[in-house]
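**Student:** Before I ask anything, here is the structure I am working with.
Bear in mind that the values in this text are calculations on the coordinates, not laboratory data. These numbers were taken from a predicted model, which means no experiment stands behind them. All Cβ positions, even for glycine, are placed from backbone atoms using ideal geometry, and neighbour counts span all protein chains on display.
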Amino acid sequence: MGWIGGNLESIRSLQTKQALTQAVNLGLVVTSALILWRGLMCVTGTESPVVVVLSGSMEPGFQRGDILFLHMNQDPIRAGEIVVFNVDGKDIPIVHRVIEVHERQDTGEVDVLTKGDNNEEDDRLLYPYGQLWLQKHHITGRAIGT
Amino acid sequence: MHSFGYRANALVTFAVTILAAMCSLASLSDNFNVPTPTADVKVLNINWFQKQPNGNDEVSLTLNISVDLSSMFTWNTKQVFVFVAAEYETPQNALNQVSLWDGIIPSKEHAKFWIHTTNKYRFIDQGSNLRGKDFNLTLHWHVMPKTGKMFADKIVKSGYHLPEEYR
């Protein structure tokens, strides 16, 4: 009787140990993925270092489904750059090109106008009513590669 | 160790790693290309130059843009986006860049061309500073690769001048 009890004990503790090991491994995998993602956010300086193109407004350069790598730094925004921005109140990031820049002498603040390459009109239609320009704080990143 | 799951996992990981490596190599190969672009922009005519009701100056120009960007194209190039921007300074703004015209060059065959056009986008100032203004016309190009890093450069043409009076 004693050895049955002893075997049961050892089997149960083996299963528990295996289960625990698997749980810890899973935790490690999830945590390292999170660390990698956060590290990437830190290095690129943006909230979303990789985005997927959602609309056809930049064709034929970017097709729907293309993956874009983003970067953000303190360099001034200049015409021609492809930037990602959020319109106030909407969550969808928009990836378009800057076509006009006006930079203030004193403060260095910029007014920026964007347009999708494949669109006829500039993005004033997308901006909230009454807003004519984007400012730096609207812009979350610059596209650097595909 | 030899179940379907393990094998599928190993295969997919390997495939994705190889794909990423090929994309980086493709991108690196672009660095070996030494481009020799040429461009020229002429202002043929100032069509009109008015102050709008909201107080901003607006000018309409006819431009002749001639460009040879065929040396920018490599096997990894998807398209080249080219645009001409008027760049000038005003008392309020350290830099103004207003895009006047842009185009997409889809392939090497289309990369050498000239075009005679009025400005595609309106040249409107923030304010009323354009009378007698000197400005540069800068031709920018952005090379968009099939995969990898985008890069951009420009040629600055200076010496353009707007009239002293509205017309």
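**Student:** Under 27 Å Cα-Cα from B:Lys108, which lysines qualify once same-chain neighbours fewer than 8 residues away are excluded?
**Tutor:** A:Lys115, B:Lys42, B:Lys78, B:Lys120, B:Lys146, B:Lys149, B:Lys154, B:Lys157
**Student:** If you don't mind, another one. Rounded if a/c is under 1.5, else prolate if a/b is larger than b/c, else oblate: which is the range B:1-71, with a ≥ b ≥ c the root eigenvalues of its Cα gyration tensor? Provide the component values of the computation, followed by the final result.
**Tutor:** Values: a/c = 7.54, a/b = 2.57, b/c = 2.94.
Oblate shape, in that a/c is at least 1.5 and b/c is the bigger or equal ratio.
**Student:** Provide the per-residue ³J(HN,Hα) series for the range A:84-98, in order, calculated from phi with Karplus coefficients 6.51, -1.76, 1.60 and θ = phi - 60°, each as a whole number of Hz, with x at glycine and proline positions.
**Tutor:** Using θ = phi - 60°, the values come out as 10, 9, 10, 6, 3, x, 10, 8, 7, x, 10, 10, 9, 9, 7 Hz.
**Student:** Another question, if that's okay. Can you tell which of A:Asp123, A:Asp88, A:Asp106 shows the greatest fluctuation in a Gaussian network model of chain A with Cα springs below 10 Å?
**Tutor:** A:Asp106
**Student:** Still on this structure, please answer the following. Could you pull the Rg and Dmax for the range B:34-161, using just the Cα atoms, both in Å?
**Tutor:** That works out to 15.9, 50 Å for Rg and Dmax.
**Student:** Please list, by residue number, every one of the chymotrypsin sites (Phe, Trp or Tyr not before Pro) in the range B:50-106 that is coil in DSSP and has at most 10 other beta-carbon atoms within 10 Å. Working shown, then result.
**Tutor:** Numbers: sites: B:Phe73, B:Trp75, B:Phe81, B:Phe83, B:Tyr88, B:Trp101; in loops: B:Phe73, B:Trp75.
Passing sites in the range B:50-106 are B:Trp75.
**Student:** Compute the long axis of helix A:2-44 from its Cα atoms, compare it with the longest principal axis of the Cα atoms of chain A, and write down the angle in degrees, 0 to 90, nearest 10.
**Tutor:** That works out to roughly 10 degrees.
**Student:** Which angle between 0 and 90 degrees, to the nearest 10, do you get for helix B:4-29 versus the longest principal axis of chain B when only C-alpha atoms count?
**Tutor:** 40 degrees
**Student:** Between B:Met150, B:Met72, B:Met22, which gets the highest mean-square fluctuation from a Gaussian network model of chain B, Cα cutoff 10 Å?
**Tutor:** Highest fluctuation among the options: B:Met22.
**Student:** Given the -39500 (n - 2.57) contribution per DSSP H run of 4+ residues, what per-residue ellipticity at 222 nm results for chain B, rounded to the nearest 500 deg cm²/dmol?
**Tutor:** Working: 1 runs with 26 residues, N = 167.
So the helix-based figure for chain B works out to -5500 deg cm²/dmol.
**Student:** Viscosity 0.692 mPa s, temperature 37 °C: what is the translational diffusion coefficient of chain A from Stokes-Einstein with a Kirkwood Rh over Cα pairs, rounded to a whole number of µm²/s? Mind showing how you got there, number by number?
**Tutor:** Details: Rh = 18.6 Å.
Answer from the Stokes-Einstein relation: 176 µm²/s.
**Student:** Rounded to two decimals, what is Rg over Rh for the range A:85-146 when you use alpha-carbon atoms and the Kirkwood radius?
**Tutor:** Values: Rg = 11.9 Å, Rh = 12.5 Å.
My calculation puts Rg/Rh at 0.95.
**Student:** Once you mark the trypsin sites (Lys or Arg not before Pro) that are in a DSSP loop and have at most 12 other Cβ atoms within 10 Å, what is the longest gap between them in chain A? Walk me through the numbers on the way to the answer.
**Tutor:** Values: sites that count: A:Arg64, A:Lys90.
Answer from the scan: A:1-63.
**Student:** Sticking with this structure for a sec: Amide H to amide H under 5 Å from B:Ala94: which residues, 5+ apart in sequence or cross-chain, H placed 1.01 Å off N in plane?
**Tutor:** HN-HN under 5 Å from B:Ala94: A:Glu103, A:Arg104, A:Gln105.
**Student:** Report, largest value first, the span of the C-alpha coordinates of the protein assembly as shown along each principal axis, in whole Å.
**Tutor:** 111, 43, 29
**Student:** On the first, second and third principal axes, largest extent first, how far apart are the outermost C-alpha atoms of the range B:109-167 in Å?
**Tutor:** 48, 24, 21
**Student:** Let me ask something else about it. Taking GluC sites (Glu not before Pro) that fall in a DSSP loop and have at most 16 other Cβ atoms within 10 Å as cut points, what is the longest piece of chain B between them? Show your work: numbers first, answer last.
**Tutor:** On the way: sites that count: B:Glu89, B:Glu164, B:Glu165.
Looking at chain B, B:1-88 is the longest stretch - no exposed GluC sites (Glu not before Pro) with at most 16 other Cβ atoms within 10 Å.
**Student:** Using Cα springs under 10 Å in a Gaussian network model of chain A, which residue among A:Gln18, A:Gln135, A:Gln74 shows the largest mean-square fluctuation?
**Tutor:** Top of the fluctuation ranking is A:Gln18.
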